[in-house]
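Undergrad: Have a look at this one.
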Amino acid sequence: MVKTDYDLVIIGAGPAGLTAGIYAARARMKVLLLEKAFPGGQILVTDWIENYPGFEGISGFDLAEKMKAQAEKLGLKIETTEVHSLNLSTDLKEVVLKDRRITTKSLIIASGASPRSLGVGEDKFIGKGVSSCATCDAAFFKEKTVVAVGGGDTAVQEAIFLTKFANKVYLVHRRDELRAAKILQERAFKNDKIEMVWDSVVTGLSGFFGVENVSIKNVKTNEEKTIKADGCFIWVGILPNTSFLNEAVETDKFGFILADAKMQTSVPGVYAAGDVRDTPLRQISTAVGDAAIAAISAEHFIENL
Ligand code: NAP
């Protein structure tokens with residue numbers, strides 16, 4: 001068998017990566033988890049989680065801390081570094097970092113996903129009223145008016161969270177029906193600080209020091225109007241964090257990694273888990289399920305090498 005630095009390298013320390021780490025550490029594999037920022041992934045910016053079994057309600061930050069502590073207690077080593085690229089073959093995988101290269105027998109890609117942008121010039125207002133993180137920025141909008149964009153779980157859940165601070169939240173959605181879970185919809189409709197703006201898209205933002213106006217257009221009537229707002233939170237879906245991948249494994253047309261029932265990608269010994277994977281559901285519970293399968297698949301792969 002080819003000699004490598006590790007049995008398993010995991011990329012990304014969100015719920016999927018940390019779960020894979022827990023399973024690999026318990027399987028006594030020589031494992032390293034690489035994370036470019038803080039362990040926790042997207043749940044770090046999720047205010048409140050109430051659909052992960054065992055926790056009637058827990059903050060994303062606390063759940064991330066618990067997962068990390070559990071993994072480290074089992075011996076998982078986590079290194080803060082960014083993956084630059086991958087060189088993959090069946091019996092040897094090379095992970096290229098900024099300062100060195102590491103070799104491994106197997107690899108789990110659990111690098112997650114990030115918020116998609118609208119592409120209406122919002123970039124120049126980031127930090128000046130535009131955000132995708134209510135947990136980080138909602139408090140800046142105490143007693144103010146904000147626009148939230150999107151109709152999925154994230155937009156609706158975070159719009160509700162914004163009402164803890166803002167006086168008024170316009171929820172702008174491009175259709176006349178939300179995509180979010182029904183329980184979240186019910187809460188949003190009952191919240192008198194939230195006003196739904198149906199069938200509408202944001203066409204631009206303006207303001208002198210920061211966001212002052214959000215321009216919207218009704219896609220059915222073509223009517224255009226301006227909402228006076230101090231901020232604009234954008235939650236219109238996610239894109240996979242795969243800048244290091246460079247077609248090393250097969251993906252769908254959006255860049256989400258294709259994997260089979262064992263979470264194996266197009267390269268034997270390389271697995272994908274969590275939001276970065278092409279999957280019909282992106283939840284903490286599905287991410288940890290993917291990761292448990294991926295870690296055990298990696299263990300079996302190494303045994304059979
Ligand atoms: P999502 O489910 O893909 O929803 C994106 C929303 O943005 C959709 O309503 C979509 O409209 C809208 N949209 C997309 N592109 C747009 C554009 N260019 N302009 C205007 N609107 C646009 O994304 P998400 O809400 O970020 O959720 C991502 C994943 O995480 C999902 O699988 C979700 O279930 C999961 N998640 C779960 C929870 C939870 O369980 N509590 C919380 C957060 C996220 P259409 O509906 O018209 O397509």
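Computed from the coordinates by the stated procedures, all read-outs in this text should not be read as laboratory data. In this text, all values refer to a predicted model and were calculated from it rather than measured experimentally. When we count neighbours, we look across all protein chains shown, and the Cβ atoms used for this are built from the backbone with ideal geometry, even at glycine.
Undergrad: Which pairs have Cβ atoms under 8 Å, sit 6 or more apart or on different chains, and link a residue in the range 27-55 that is free of Cβ contacts under 8 Å to residues at least 12 places away in the same chain and farther than 20 Å from residue 8 by Cα to one that is part of a loop (DSSP other than H, G, I, E, B) and within 16 Å of the ligand (Cβ to nearest atom)?
TA: Within 8 Å, the pairs are 50/56; 50/57.
Undergrad: Taking the range 247-305 only, how many residues are under 21 Å from residue 51 (Cα atoms), charged (D, E, K, R) and without any contact (Cβ under 8 Å) to a residue 60 or more places away in the chain?
TA: Residues that pass the stated criteria total 1.
Undergrad: Scan the range 143-173 for residues that are within 7 Å of the ligand (Cβ to nearest atom) and part of a helix (DSSP H, G or I) and jot them down. Don't jump to the end; show me each part of the working.
TA: Initially, the range 143-173 is screened for residues within 7 Å of the ligand (Cβ to nearest atom), giving 149-155, 157, 173.
Result: 153, 154, 155, 157.
Undergrad: I would also like to ask the following. Working carefully through the options 276, 288, find the one that is out of contact with any strand residue (DSSP E or B) (no Cβ under 7 Å at 6 or more places or on another chain), crowded, with 21+ Cβ neighbours inside 10 Å and within 17 Å of residue 111 (Cβ to Cβ). Spell out how you get there, then give the answer.
TA: Details: 276 fails: out of contact with any strand residue (DSSP E or B) (no Cβ under 7 Å at 6 or more places or on another chain).
Exactly one residue qualifies, and that residue is 288.
Undergrad: Return only the number of the condition from (1) assigned to a strand (DSSP E or B); (2) surrounded by fewer than 14 Cβ atoms within 10 Å (Cβ to Cβ); (3) within 16 Å of the ligand (Cβ to nearest atom) that residue 176 does not satisfy.
TA: Against the list (1) assigned to a strand (DSSP E or B); (2) surrounded by fewer than 14 Cβ atoms within 10 Å (Cβ to Cβ); (3) within 16 Å of the ligand (Cβ to nearest atom), residue 176 comes up short only on (1).
Undergrad: Out of the range 109-155, which residues are out of contact with any helix residue (DSSP H, G or I) (no Cβ under 7 Å at 6 or more places or on another chain), surrounded by fewer than 23 Cβ atoms within 10 Å (Cβ to Cβ) and among the β-branched types (Val, Ile, Thr)?
TA: Those that are out of contact with any helix residue (DSSP H, G or I) (no Cβ under 7 Å at 6 or more places or on another chain), surrounded by fewer than 23 Cβ atoms within 10 Å (Cβ to Cβ) and among the β-branched types (Val, Ile, Thr): 120, 126, 145.
Undergrad: I'd like to check which strands (runs of 3 or more DSSP E) are fully inside the range 218-305 and have at least 2 residues that are away from the ligand (no atom under 16 Å from the Cβ). Let's see the steps before the verdict.
TA: Details: elements: 224-228, 231-234, 238-240, 270-272.
Result: 224-228, 270-272.
Undergrad: Oh, and also: Has the range 204-213 got at least one residue that is within 15 Å of the ligand (Cβ to nearest atom), touching a residue at least 60 places away in the same chain (Cβ under 8 Å), within 21 Å of the chain's Cα centre (by Cα) and buried (at least 21 other Cβ atoms within 10 Å of the Cβ)? Full working, then the answer.
TA: Start the filter on the range 204-213 by keeping residues that are within 15 Å of the ligand (Cβ to nearest atom), which leaves 204-205.
Going one step further and asking which of them are touching a residue at least 60 places away in the same chain (Cβ under 8 Å), we end up with 204-205.
Those left that are additionally within 21 Å of the chain's Cα centre (by Cα): none.
No, because not a single residue in the range 204-213 is within 15 Å of the ligand (Cβ to nearest atom), touching a residue at least 60 places away in the same chain (Cβ under 8 Å), within 21 Å of the chain's Cα centre (by Cα) and buried (at least 21 other Cβ atoms within 10 Å of the Cβ).
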